[in-house]
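Below is one structure, written out as structure tokens, with a few remarks after it.
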Amino acid sequence: MDLNSSLAAISGIGPSLLYKLNKLNLNTVEDLIYHFPFRYDDFSNNTSALDAQIGESVTLQGEIWSISNIYTRSRKIITKAIFNDGTSPIELTWFNSSWLTKQIQTGDRLQVSGKISKYKNKLSIIAPRWEKIESLQSSAISRQTIHTGRLVPIYPETEGLSSKWLRAKITKLLPQITGKIQDPLPDDIRSTMICLTSALEQIHFPKTWEDLEKSRERLSFDELFYVSLATQKARLAWRRKPLVEPLKIKQSDLRDFIGKLPFKLTSAQHKVLKEILRNLVKNQPMNRLIQGEVGSGKTVVAAIAAYLVHKNNLRTLFMAPTEILAFQHFETLTKLLSPFEVTVGIYTGSRKYQVLSSKYYGKKQKTINTKYIIHTTIPDITIGTHALLSPKLSIENVGLIIVDEQQRFGVEQRTFLRKRAKVPHFLTMTATPIPRTVALTLYGDLDMSVIDELPKGRQIVKTYLVPERKRLDSYKFIAKKVAGGDQAYIITPLIEASETLKTVKAAKVEFENLQKVFPNFKLGLLHGRLKGKEKEEITHDFRQGKIQILVSTSVVEVGMDNPNATIIVIEGAERFGLAQLHQLRGRVGRGTKESYCLLYTSNTSGDDSRRLKFLEKTFDGLKLAELDLKIRGSGQIFGSAQSGRFEFKIASFSNISLLEKTKQAARDLLAKDPALDKHPLIKAKLQDIASEVMPD
Ligand code: ADP
Ligand code: MG
């Protein structure tokens, strides 16, 4: 067996377990070994019942004197055991675990861990962790305990796949494969860090918190190091790209366009625009990322770039992550470009090459169905979804590729598009907030521009976690606002009602219910399962004000832009990450009117409501993203493994000094050994990642 072995080949893992493992994205032995605990219970306090203090987390070794199930009047099952460690008998209690009486018998020797409490004047432990030990005498020399009496790892779980199971499996696998792991890092880079094998052992079963810290450092270093290497190699490769014909930018064109905008560009937009123009007049293709908070106005900057490229007789492809967003960009760009002779087209799954020459905009065509004039020519600017990747689309004379909300796309998709268009200028945009140092590591191959300013007049979106009893009041409030001409979003976690998630609101059901609550208004329903044309019509109608209240799933999260919408209600808010809620909240407050975000949660206690409370006071996307990172891991920010650029399991972006260290190490290594021929293990490892970021 080695790291690449499939989990299916491991004894004791049948189809049903395999299914559950795959659900956690665990397919190989390596995946399982790299399935790291997200926290540890400290049960290293080995003590005696006599010395144990109430409230203390302890581990005791002793014997079961008796164990039995008790059936309460409310038909719950309680398992009670008397446990004696030779100093003082205590009671162990489990709920709904009747099978325990089959696993634990009177006379068994156990090690138990848990919090000491006092119940009816008796010392007890509620729901203790436990494992059998052969005998008290030999326990010291017998195998290490893994569920009790130590720092006990707690893993991300799924139904039917418990931490207890994972601990047992990983303990068994570790010694079988650690001998086969070679540490790819040369001594000088590794320097004071522990070796990879120890790191992998100790991340699961650390003896002390210090051990754990050391293994975390080593494993985080590795993650960041390979990413740094990959991006720096990619940067060098991009530099070697064939040169392009520098574009000619006429200041008069630029002034002309900016002068016809319905608003004044912010100075941040000006700054970023300048950075882009500096690239376009060079003979090296641009490779730039614009980062800007929700609503900071990235689209218009992209539109200006596309216009100037058009003035050089070159086309632009503009890729958006969803159809809804593509339709919206289509409308926006058509409008922005309407004073000029530019053709804007759309190319998505449901609409191919429907081109509206901007000179027709708003003149002849009134309704959505007739407003598009279908041209046979290829438009100057084509907006689309990943349908743009289709080989059926002819890509000729493309000078600029724009990818909006780039974190939503797989790297392969972006690379593919870029390759097909023969490496023109490349502009990507994201609203995902990333600390600068992190950005340099993650996106070290890209030039970065930041729009760090919102347009004038924007107001903070007043955010409230609304208690259920005030629901009617808030409906009245919405009715009043909408009657006054505003519009509202109502966001639900689900599309359809679910048997297993009975309390979670679903868009289709809410849409029906809310018709009765708001009989005087026109409601719309939007979700991912609608046909492209329906999505388009509803988005259009909402933006035009024909739909006043839009009931939707989080599909509007990315990019939906309707400055007249001032209220967003988010149902089941605890089901969303903070960064995602922030994006949703960014759908309102896009104009100058006072705006509101009303959060509902069915879980009013504990972590969830604390998280949501944080949103009430915090409007800084970066802060929210960082908190998300702490609570839910990097997947929340960078999307799933498929859509994110890199998925970090353990590295934390807050560790700036480690980031700096990895960057330096990567740079030094590449300077010494550019092709990495002297470091074959690193080279091999990098090949996996590199294929994702390399621009060719
Ligand atoms: P995002 O950066 O989130 O993609 P958009 O490009 O969708 O933001 O812009 C958000 C809204 O702000 C749009 O309605 C757009 O027309 C408007 N907007 C953009 N720039 C400015 C500006 N300088 N002044 C006022 N409004 C602006
Ligand atoms: Mg946008």
Residue in region 287-304 that is hydrophobic (A, V, I, L, M, F, W, C) and away from ligand 2 (no atom under 16 Å from the Cβ) present: no
Given (1) within 16 Å of ligand 2 (Cβ to nearest atom); (2) in contact (Cβ under 8 Å) with a residue 60 or more places away in the chain, where does K533 come up short, assuming only one miss? (1)
Only one of (1) assigned to a loop (DSSP other than H, G, I, E, B); (2) under 30 Å from T208 (Cβ atoms) does not apply to S74, and that is (2)
Limited to region 553-579, what total is found for residues that are without any contact (Cβ under 8 Å) to a residue 60 or more places away in the chain, surrounded by 21 or more Cβ atoms within 10 Å (Cβ to Cβ) and within 15 Å of ligand 2 (Cβ to nearest atom)? 1
State which residue pairs qualify: first residue open to solvent by 20 Å² or more (accessible area, probe 1.4 Å) and inside region 271-300, second residue among the acidic types (D, E) in any location, beta carbons under 6 Å apart, and separation of 6 or more residues or different chains. R288/D447
Among the residues listed as T106, T101, the single one being open to solvent by 80 Å² or more (accessible area, probe 1.4 Å), on the phi < 0 side of the Ramachandran plot and either at pLDDT 90 or above or part of a loop (DSSP other than H, G, I, E, B) (or both): T106
I'd like to check something: does region 513-530 contain any residue that is aromatic (F, W, Y), under 28 Å from the mean Cα position of the chain (by Cα) and either over 19 Å from G545 (Cβ atoms) or in the same structural domain as F576 (by TED's automatic domain parsing) (or both)? no
When you look at S252, is it touching a helix residue (DSSP H, G or I) at 6+ places or on another chain (Cβ under 6 Å) and without any contact (Cβ under 8 Å) to a residue 40 or more places away in the chain, yes or no? no
Out of L325, L314, sole residue that is open to solvent by less than 10 Å² (accessible area, probe 1.4 Å), more than 21 Å from Y443 (Cβ to Cβ) and either touching a Gly at 6+ places or on another chain (Cβ under 6 Å) or of a type in the set (V, I, T) (or both): L325
Here's a check for you: in region 435-490, which residue that is assigned to a helix (DSSP H, G or I) and basic (K, R) is surrounded by the most Cβ atoms within 10 Å (Cβ to Cβ)? K481
Looking only at region 285-324, count every residue that is out of contact with any strand residue (DSSP E or B) (no Cβ under 9 Å at 6 or more places or on another chain) and either basic (K, R) or within 9 Å of ligand 1 (Cβ to nearest atom) (or both) and tell me the total. 4
Restricting to region 205-219, count the residues that are more than 9 Å from L151 (Cα to Cα) and open to solvent by less than 80 Å² (accessible area, probe 1.4 Å). 7
Yes/no for L454 being within 16 Å of ligand 2 (Cβ to nearest atom) and at pLDDT 90 or above: no
Return a yes/no flag: does region 609-622 have any residue that is modelled with pLDDT under 80, under 23 Å from E574 (Cα atoms), under 15 Å from the mean Cα position of the chain (by Cα) and among the hydrophobic types (A, V, I, L, M, F, W, C). yes
Of all residues in region 186-198 being of a type outside the set (D, E, K, R) and closer than 22 Å to Q664 by Cα, which is nearest to the chain's Cα centre (by Cα)? L196
Filtering region 247-284 down to residues that are small (G, A, S), farther than 27 Å from N397 by Cα and away from ligand 2 (no atom under 16 Å from the Cβ) yields G259, S267
Looking for something closer than 16 Å to R587 by Cα, within 16 Å of ligand 1 (Cβ to nearest atom) and surrounded by fewer than 17 Cβ atoms within 10 Å (Cβ to Cβ) - is there at least one such residue anywhere in region 534-546? yes
Would you be able to tell me the number of residues in region 487-532 that are of a type in the set (D, E, K, R) and over 21 Å from Y475 (Cα atoms)? 5
When you look at L440, is it away from ligand 1 (no atom under 16 Å from the Cβ), over 25 Å from L598 (Cα atoms), aliphatic (A, V, I, L, M) and modelled with pLDDT of 70 or more, yes or no? yes
Name the residue that is least open to solvent (accessible area, probe 1.4 Å), counting only residues in region 580-599 that are polar (S, T, N, Q) and within 12 Å of ligand 1 (Cβ to nearest atom). Q583
Might you check whether a residue that is closer than 16 Å to L174 by Cβ and either open to solvent by less than 30 Å² (accessible area, probe 1.4 Å) or modelled with pLDDT of 90 or more (or both) occurs anywhere in region 37-58? yes
Testing A665 on (1) within 21 Å of E557 (Cβ to Cβ); (2) at pLDDT 80 or above, one condition comes back false. Which one is that? (1)
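The values are calculated or read from the model by the stated rules, or taken from the named source; none is laboratory data. In this text, all values refer to a predicted model and were calculated from it rather than measured experimentally. FYI the Cβ positions are ideal-geometry reconstructions off the backbone, even for glycines, and counts take in every protein chain you see. Quick note on the areas: whole protein, heavy atoms, side chains included, nothing else; ligands and nucleic acids left out. Shrake-Rupley method; radii C 1.70, N 1.55, O 1.52, S 1.80 Å.
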